[in-house]
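Structure in structure tokens, see below.
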Amino acid sequence: MTQDPYEILGVSRDAGADEIKKAYRKLARQLHPDVNPDPETQDRFKDVTRAYEVLSDPGKRAAYDRGGDAFSQGFGGAGQGFSFTDIMDAFFGGGAPGGGQTRGPRSRARRGQDALIRLDVTLAEAAFGVTRELKVDTALRCEACEGQGTAPGTSPTTCETCHGQGEVAVVQRSFLGEIRTLRPCAACRGYGSIIPDPCRECSGDGRVRSRRTLTVKIPAGVDHGTRVQLTGQGEVGPGGGPSGDLYVEIHVEPHPTFNRNGNDLHTTVSLPMTAAALGTHLTLPLLEADVATADSESGTETTFELEISPGTQSGSEQVIRGFGVPSLRGGRGDLVVSVVVDTPTRLDPRQEELLRELAAIRGEETPDGQVEAPHKSMFGRLRDAFQG
């Protein structure tokens, strides 16, 4: 069999690193013992792997191109062994540009975590928006070391164990020969450098916990559970890394008059039976009444004159268009007013006499009443339609 690594991988002598790696991956997928257990194929897999070891190492490749012996460069089994990581790359695509695995020392600077804070607001503040100042306790960049984690006047030193690579090679023997696996350096934890004199303020983390004040603008129309995102206002990352985001979760306090359903507001008014029978009008407070007095000075209506028609029944509703909650996407919901008619429970003799007189006039001294089936739901009506 040929001893030329270029011929074994099927590439030209001027092939680039990416082309060589691509050729190796293709052959490794075809020849790996887990895919093809034939002994002859296993021998060829060893040759392909050793050829790649020569051509993927710039020093070994240059020595071979100058006429050196491939065997002396690790091609024939007399070298330092091949990297098990490269075999894994052939199957999972790591290490290549755009792949999911990176090699070398990892950065000390990492993105910080997101933070969540709860903000209690009134229904009016949720509906019309509000600006609040919040006190937030998060990690901030250490000003003493400017996020570097080192004491003033010092800097990180190169790790003597991995020589700044952030990883060390662990050699194991197998039926393929010596397998070299790269692992994070335990001495520097994969950073490639060591901080000999950490900052006393942050103990080398590059950040400290502190309380700060933020001004938060809550948009009009938010609802209970809405989260407002403040980009870059969360935790500062270790090593002076970029900050995460801060999320402000809205909690709307109950209102004594209004209940919210989507962008609609619901309220209930109670009327005596005489007012419901004869009709009346009443002054209904709006949600705008909860806003600062400056709004009323600017001409914003805080009340609505509601007309109650004669003969209004208990449970009836009136919809006042455009007096609900503003939508985040524009527009505004409605105000739905439910009417409850109060029936007197205690009558003095004169009141009872007048009511009996009214009943006589209306022919209602001994009313029979009307028994009706309850209103069917939409599902019930559909079921009856299908059943004929």
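How much FRET efficiency would the formula 1/(1 + (r/R0)^6) give for Thr158 and Thr226, where r is the Cβ-Cβ distance and R0 is 41 Å, rounded to 0.05? It would help to have the intermediate numbers written out before the result.
Numbers: r = 50 Å, r/R0 = 1.22.
It comes out at approximately 0.25.
How high is the relative contact order of region 244-336? Use alpha-carbon pairs under 8 Å, at least six apart in sequence, and give a whole percent. Present the calculation step by step, with values, prior to reporting the outcome.
Details: 118 pairs, mean separation 28.7, N = 93.
Once normalised by length, the contact order is 31 percent.
Label region 157-300 by shape, choosing from rounded, prolate and oblate, from the square roots a ≥ b ≥ c of the eigenvalues of the Cα gyration tensor; if a/c is under 1.5 it is rounded, and otherwise prolate applies when a/b is larger than b/c, oblate when it is not.
Values: a/c = 6.50, a/b = 3.10, b/c = 2.10.
Verdict is prolate for region 157-300.
Once you order the gyration tensor axes a ≥ b ≥ c over the Cα atoms, which shape class does region 231-361 get: rounded for a/c under 1.5, otherwise prolate or oblate by comparing a/b with b/c?
Prolate.
Can I ask one more? Rounded to the nearest whole Å², what accessible area per residue is found for region 161-215 with the 1.4 Å probe? Could the numbers behind the result be given before it?
On the way: 3530 Å² over 55 residues.
Dividing the accessible area of region 161-215 by its residue count gives 64 Å².
Between Leu116 and Arg321, what's the calculated FRET efficiency when r is the beta-carbon distance and R0 is 45 Å? Round to 0.05.
After rounding to 0.05, the efficiency reads 0.75.
Which one, Cys188, Ala289, His224, is farthest towards the positive end of the dipole of region 175-294 when Lys and Arg carry +1 and Asp and Glu -1 on their Cβ?
The Cα lying farthest towards the positive end belongs to Cys188.
Under 21 Å Cα-Cα from Lys60, which lysines qualify once same-chain neighbours fewer than 8 residues away are excluded?
Output for Lys60: Lys21, Lys22, Lys46.
The values are calculated or read from the model by the stated rules, or taken from the named source; none is laboratory data. Treat the numbers as computed from the prediction; the structure is a model and nothing was measured. Virtual Cβ from ideal backbone geometry, glycine too; neighbours counted across all protein chains shown. Heavy atoms of the whole protein, side chains included, go into the accessibility calculation; ligands, DNA and RNA do not. Shrake-Rupley method; radii C 1.70, N 1.55, O 1.52, S 1.80 Å.
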